[in-house]
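Worksheet for the structure shown next.
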Amino acid sequence: MSDNDNRDSDNLSGGKAASPVAGGSLSRQLRKARVYESIFGVGLQAVTIGRFTLLEHIGSGGMGEVYAAYDEHLDRKVAIKLVRSGLGTSARADERLLREAQTLAQLSHPNVIQIYDAGTYQDRVFIAMEFVRGTTLEKWLDARESGQVTAREILRLFIGAGRGLEAAHNADLVHRDFKPANVLVEQDGRPRVADFGLARAMASAEQESDSARDSSELLSPLSNDLAGQSPGRAAAEPELSTTADTLSMESDLSSAPAQALKAAVNLTTRGHILGTPRYMAPEQLYGHIADSRSDQFSFCVALYEALYRTLPFVGDTVEQLRQSIEQSHIAEPPRGSAIPNTVRKTLLRGLEPDPERRFATMGQLLDALEQAMRRGHRALWTLALVAGVSLAAVGALYDRSDESTDPCIGATWALDADHGQPWTSERRAAIRSAFDHVRLPYAAATWRTVDSQLDQYDRTWQRDVVQACRDTRVHHVQSPGLLDRRMICLRTARQGFVALTIELQKPDSRAVERAVAGTVDLPKLAACSDIETLRYGPAPPDEEFAEQVATIRRGLARVRTLALLGRFDETLSLAREQRVAAGKLPYRAVYAEALTALGRLLIYYGNRSQVQEGEDLLLEARDIAIGERHDELVPEIWNLLVVSAWRNHPATDRGREWSRQALASIRRLRDPPRHRIEALRQQGLLYYKDGRFALAAQLQHQALAALDSQPDASSFIRAAHLHDLANTLLRLNQLDEAHERYQRALDLYSATVGPDHPYLADVCFDLAMLYVARGQLDEARDMLDQVLHRQRRQLGPEHSVVGRTLLELAEIERRQGHLDRAHQLAMRGLQIYQREYSKDHSKRAFAHTRLGAIAYDRGDHAQALAEYEKVLAIERANKPGDHIDIGYIQANIAEVATGLGRHDKASASLDVAQSILGKDPVLMAFLRSVRGRIMLGQGRVADAVNELETAEKGFGQIPEGSMPGNRANLYWALARAITARDGRAGRRACDLATKAVGIFERQGPSARGAASAVQSWLRSSCNSN
Amino acid sequence: MSNPIPVEVCSTINDMEASDSELFEQWCNGDAKAGQVLFGRYYDVLDRFFINKISSDPGDLVQETLIACVKGRDRLQQGRQFRSYLFAIAYNILNDHLRKTYRRGEQIDVDQISLRDLSDSPSTLVSRRREQRLLLEGLRNIPIAYQVILELHYWEKLAVREMSEILDLPSGTVKSRLRRARELLSEAMTRLAQSPELLRTTLTRLDDWAESCRRLLDGEEPGQP
C-alpha cells in the first residue's frame, strides 16, 4: 500500500479526537476500498470497528455517522452509530452514553431498536444496533395526503412506539428526544423507537467540552440515516438543516440550508437544550432534569401534530414556546376534525406543563388512548379506511408521494401475507452472511450482483403489483377478472423469489456458485403484464381448488430453484410429488406446469433413461398446455424440448421441428423478448451441436441483438450469449471475431461474478482452444495451465472439469511433440474421468481418444488401436450407429489398423467411416488416402495408385497448411504406390516423398520417425536417378 | 494478448521512487501493481475534489475518473504533468455529472451556476465550526468554475500553470478568475453570514480557513485557526 494509505490509518489510530466531519475518513476509507476493488478486482483490507466489519456509510448527522456493518459473531447486518464526541474532553459524557447504551442493550422490545453492543473506537463511542429497513415516522407522516390517512392507523403506530418508550421507562431509561424522526417504521409497518439517551449524552459532551463557545449545536437524530435507505439515496440531512429544524417552527426551513445557516449563526440562546425544542417538555426547555413524563409530553406533542396537522404550542423562539406551554394555549381543533374528543382529552392531559398533572406512566396514557380508540364512534374514523392496515407498506413503497390515498398500496402486503416479506433486512443479512461463510474467492462479487438483482426484482414486482391493482381500482381500465389473473401470475412469480431468497440463506458453495444464474432465472414478471396472453390464457382455478393449486405452484417454484442451485437429487422426489398432486386436480393447467417442471429437471440433470422420460413428459405437457390455451407455458415447453434435443440428439429432424414450433408459439404471443431470446439461444445451440455453425451464428447474433434491445437485461446473460457465439465463430474459423467475444464475455462475467468464478475458467478454456486453432500453442498451454490452476483451487484437484483441462493440455503437448508429458497428463485426466463417470460414459471415451492419438504419435499403433477400440465400445452404447463421432472413431481405427498391417479390419472400419462421413469432401479425401494405404498394404497396387491419386486431388481443394500429417502420409503412400506400380522410383514418386519429408520435418518430434523412414527410402531409391 | 485472468504480477516498482507518469505508463501497459500505487497516491485527492460538489457518492466519480484516465492515455502529452491531466479529467467528469444529474437535457454553464442552485445538499458534509461551515457553504454558493479554481489553489496548492492546463484556460485568465473567485466568495459569505464578526474572522484568514477546511474534508482534526 502506498504512503497515502498509511497516512490515513495513522490519522485513525493516532488517538486524536475523532473526525468532526461526518463522512470523514472512515467513510472515505470504505469508498476507497470499494473503488479499489472494482478497479483492480482485489480487495483492500476491511475496515473494522471491534468485531464489526464496516460495509458502507449510510449517512451522517449532527450526532456522527452511521454505517452498515456486518457482525461476525451474530452473523448479521447491523447499523453502527459512531457518535461524534466533543473535542476530546468529554470522557465523562461518553462514559455515561456508553453505560446507557449498555443498559439499553439489555432491553429487548418489539418497539425498540435493539442495541447489540456499545464501546469505544478511537475515543469515540459507537453503538451497534439492529439494521432496520423502512422509513422514519416523520417521513411516513409526510407522505400522506390530507384527510385520507386514517387516524386509527396513526394511533396504531404511535401506540406501538409508545409501548417501546414504556418498556424503556420500566428499565429506568429516558429517551429525552422523542419525535417522529426518531421512530422508524419498518417495512411490515412495525414502529420502533431509536436513539434513547443520545440527546443528553451528546449535549453534555458539548457543554463540558466547549462551554466557552456559543454553542448552537442542538441534537439531531440519526434515525433518518438509520432507516435503511439505499446508499445512493442515503445522503443524510446535513447538520445545517437539522440544526435549523430544532429551532425554527417553519417547516420549510430544513430544505433551505442558506436560511438554516442564517438561523444557526444567529442563534442567541444561551444554555443548552437537550433535544428538539418543538417536541420538548417545558422542564427540558428550562434545562431541568428530564424524566419519563418528559417523554410522555414529547410523545403527545408528536401525536397531536400527526392527528391535527398542527403543533399544539407555537412560538418562534424558545422563550415564546415556553410561554405558550405554560399558558396551556392549545389551538382549537380544526372544524370538522374527525378525531374523537376522548382522544383529544387524553392528549391534553399528557401536554400539561406540570409533570405531576400528566399521566403517571406512559402505560396509563397508552391505555387511555386505546380505550378512546375502541370507544370512538366508528363513523368518525372512516374517512379513508379503505387503505386499512396495509398502509403500513407506504413507507417502503413510496417516498413523499401523493399516493398514500391509493387503495392499492397494501396490495403487495396482501400477496406476501402467507409467507412474510421475502426481502427484509434480516433476510438480506442472512444471505450475505451465508455468502461470507462459504469462503469462495468470488462470493463477494457474486453477492453484490445477487443483492442488486434481487433488490431490483423485488422493486419491479412491488411496482407491478400496485400497477395491476391500480388499473382496476384506480384507473378502472381493467376488469376485476383480469386483475385476478394478473395477481395470480404475480403471486406465482413471487413464489420463485421466496424460494430463492430462502435457499440462498443456507451456506452452500454450490448455491453461491449458481446464485447469479438463479436470480437471472427468476420468473419473468413481464408475463404478468402481458394482458392479452393472460386474458386468453387458462381461467383461474375454481375457488375450491385454488389453495391446492397455489400449494403445488409453491412446490414447483422450489423445484426450479433447488435444481438451479445444483441440488438435483433432493429435488427429483419433490417434483414427482407435485406431479402426482397436480394429477389429482381437475385443473389441467397446473398439471401441465408440473409435468413441465419435472421434464425440465430430467432433461437437464437426468441420466440417459431419465432424459427420455423427461422428453416424454414434456410432450405430454405440451399437449395439455395447448389444449388448455396455456400460451405462456407452451413456448417454454418447446424451448425445453429443443434443449433436450441438442443435449441428446442434435442431428435429428425432431429437434429442428421443435425449434420451429417454439418460434411459432412465441410469434403467437407477438414475439415477447422473454421467450424469443431464450428460443434463439437454444436453437442456436441446437445448430451448433449439429455442426451447422453458420446457421448457429446467425441465430446467436439475432439473440444478442434482441438482448441488446432490453435495457435491463443482465450482463450475466449477455456474457453467456457471447460465450456461445464465440464458440460458434471459433468453429467457423472466424478467429478474431471469436476472440473479441470471448474477451467481452470475460469482462462481463468478471463484472457480475468476479474474476475468480468458474464461469471464467470455462471461457478461458475455450479461448485456449482458439489459440490452438491459431497455432499459438504456447499461449494455449499457458492459458490452460492457468485454467487448471484455478479449477484445482476452486473445484478441487479431482473435479471432472479438471479432467477435461488435463486432457486438452495433453492434446497441446502432443501437438508440440512432448509425448511423455502428454501421456502423463492424459492418464491423469483419464483417472479423474474413471472416478467421475461411469464406465460407459462418453467422457471416458473422450479420454481414450486423446490417449489413442498420443500412442499413435509415439508409433505404438497397437496401443493406439486398443484405446480406439475402447472408445468405439463406449460410443456405440451412447450414440446411434450413424453418429458423426462413430464415423471419426472408425476412421481413426482404420488408420492405426493400416499401420499395423491389419488390412481387413482397417477396411471394415473404413467402410463404416465412409458411410457416415463420406458427404464431406475434405473428410472424403482423407478417407480415400487411408483406403489407398490399405490397398497398398494388400498389394493392390493399381487400385492403390488410383485411390491415392483421387485423394491427392481432394487434398488439393483444401488449404495447403491444413491436415499436414495426413497429407504427408498420403504423399508418402502415393510415392510408394507409384514406385511399386512402375517398378522403380520415378521423378513424381521422388518429388512426393520429398514433399512428405518436408512436412514431417516441420511437424517436429512427433513425426521424426516417419521423416527418417522416408529419408532413408529417398536415399536408397532416388539417389540412383 | 491481454490476459483475462489476473495473474500475480511480480513487480519491481519502488513506491517511493517511481514518478506518477512512470506508474501511469506501467499501469496502462497492464501492470496492476503500478495502478494500485497510483491509486494510493490519488484516491484521497480526487475524493476531496468531488465531495464538496455533489450530493451522491464521490467514490463513483473517482472510479470513473481513473478509468477515463487509462482510456484516454493517449491524451496525456509528453511533458505534461500527470496531476494536471488527472484533474482535467476529473473536472470534465464533474461537469458531465452535474449536467446529467441536475438539469436533464438542459445545458448548464459551470461559469454561471453554483452548486447551491443545483442541489440542496451536498452529500456528507457536516462541519462543526461555524467558520468552516460558512466557508464551505460560501464555496457552494459561487459558480462551480470559481469554486473549483479556489479549491485547486487553496487545497491542492496547484500552480497557475497547472490550473491553466486543467481548466484549459490561458494563465492570465486563470489569475483573473482566481481574483474574481475570491471576490465572489467574500460576497457569498457576506450574504450568508449575519454576524459581522464571524465574517471578518473568516475572510481575513481565508488561507487558514481554507487549509482547515481541506483537512476537515479529509476527516482530520481541524487546527485552531
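The values are calculated or read from the model by the stated rules, or taken from the named source; none is laboratory data. Note that the coordinates shown come from a computational prediction; the quantities given were computed from them, not determined experimentally. Here Cβ is always computed from backbone atoms with ideal geometry, including for glycine, and neighbour counts include all displayed protein chains.
Observations on the structure shown:
- Looking only at the stretch A:30-73, and only at residues there that are among the β-branched types (Val, Ile, Thr) and free of Cβ contacts under 8 Å to residues at least 12 places away in the same chain, the one that is farthest from the other protein chains (Cβ to nearest Cβ): A:Thr48
- If you go through the stretch A:754-766 and keep only what is of a type in the set (D, E, K, R) and at pLDDT below 90, you end up with A:Asp756, A:Asp762.
The rows are residues; the columns are (1) in a helix (DSSP H, G or I); (2) surrounded by 22 or more Cβ atoms within 10 Å (Cβ to Cβ); (3) within 12 Å of another protein chain (Cβ to nearest Cβ); (4) in contact (Cβ under 8 Å) with a residue 12 or more places away in the chain.
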position	(1), (2), (3), (4)
B:Phe50	yes, yes, yes, yes
B:Ser56	no, no, yes, yes
B:Asp60	yes, no, yes, no
B:Leu66	yes, yes, yes, yes
B:Val70	yes, no, yes, yes
B:Asp74	yes, no, no, no
B:Gln77	no, no, no, no
B:Arg83	yes, no, no, yes
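- Within the stretch A:535-557, not a single residue is over 24 Å from A:Arg629 (Cβ atoms), surrounded by 22 or more Cβ atoms within 10 Å (Cβ to Cβ) and within 31 Å of the chain's Cα centre (by Cα).
- Per-region count, the stretch A:507-534, residues modelled with pLDDT of 90 or more, assigned to a loop (DSSP other than H, G, I, E, B) and surrounded by fewer than 20 Cβ atoms within 10 Å (Cβ to Cβ): 2
- Any chance A:Ala360 is assigned by TED's automatic domain parsing to the domain that holds A:Ala161, outside any loop (DSSP other than H, G, I, E, B) and at pLDDT 85 or above: no
- Checking each residue in the stretch A:292-318 for being assigned to a loop (DSSP other than H, G, I, E, B) and surrounded by fewer than 19 Cβ atoms within 10 Å (Cβ to Cβ) picks out A:Arg309, A:Thr310, A:Val314, A:Gly315, A:Asp316, A:Thr317.
Listed here are the residues, each with its yes/no results for (1) at pLDDT 95 or above; (2) surrounded by fewer than 17 Cβ atoms within 10 Å (Cβ to Cβ); (3) touching a helix residue (DSSP H, G or I) at 6+ places or on another chain (Cβ under 9 Å); (4) of a type in the set (Gly, Ala, Ser).
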{"position": "A:Gly691", "(1), (2), (3), (4)": "no, yes, yes, yes"}
{"position": "A:Ala694", "(1), (2), (3), (4)": "no, yes, yes, yes"}
{"position": "A:Leu704", "(1), (2), (3), (4)": "no, no, yes, no"}
{"position": "A:Leu707", "(1), (2), (3), (4)": "no, no, yes, no"}
{"position": "A:Gln710", "(1), (2), (3), (4)": "no, yes, yes, no"}
{"position": "A:Ser714", "(1), (2), (3), (4)": "no, no, yes, yes"}
{"position": "A:Tyr749", "(1), (2), (3), (4)": "no, no, yes, no"}
{"position": "A:Thr752", "(1), (2), (3), (4)": "no, no, yes, no"}
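- Filter result for B:Val37 (at the interface with chain A (Cβ under 9 Å from one of its Cβ atoms), crowded, with 22+ Cβ neighbours inside 10 Å and not in a loop (DSSP other than H, G, I, E, B)): yes
- The stretch A:943-984, residues that are in a helix (DSSP H, G or I) and aliphatic (A, V, I, L, M): A:Ala944, A:Val945, A:Leu948, A:Ala951, A:Ala968, A:Leu970, A:Ala973, A:Leu974, A:Ala975, A:Ala977, A:Ile978, A:Ala980
- Exactly one residue among A:Arg731, A:Arg774, A:Arg741, A:Arg692 is more than 29 Å from A:Val42 (Cβ to Cβ) and within 14 Å of another protein chain (Cβ to nearest Cβ), and that residue is A:Arg774.
- Put simply, of A:Arg828, A:Arg835 the only residue that is modelled with pLDDT under 90, more than 30 Å from A:Lys905 (Cα to Cα) and either assigned to a helix (DSSP H, G or I) or in the same structural domain as A:Ala968 (by TED's automatic domain parsing) (or both) is A:Arg835.
- Residue, surrounded by the most Cβ atoms within 10 Å (Cβ to Cβ), within the stretch A:39-55, restricted to residues that are modelled with pLDDT of 80 or more and farther than 15 Å from A:Tyr121 by Cβ: A:Leu55
Every residue, every condition in (1) over 27 Å from A:Asp982 (Cα atoms); (2) surrounded by fewer than 24 Cβ atoms within 10 Å (Cβ to Cβ); (3) assigned by TED's automatic domain parsing to the domain that holds A:Ala989; (4) under 55 Å from the mean Cα position of the chain (by Cα), yes or no:
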| site | (1), (2), (3), (4) |
| --- | --- |
| A:Asn892 | yes, yes, no, yes |
| A:Thr898 | no, no, no, no |
| A:Ser907 | no, yes, no, no |
| A:Ala913 | yes, no, no, yes |
| A:Leu923 | yes, yes, yes, yes |
| A:Arg928 | no, no, yes, yes |
| A:Arg933 | no, no, yes, no |
| A:Gly939 | no, yes, yes, no |
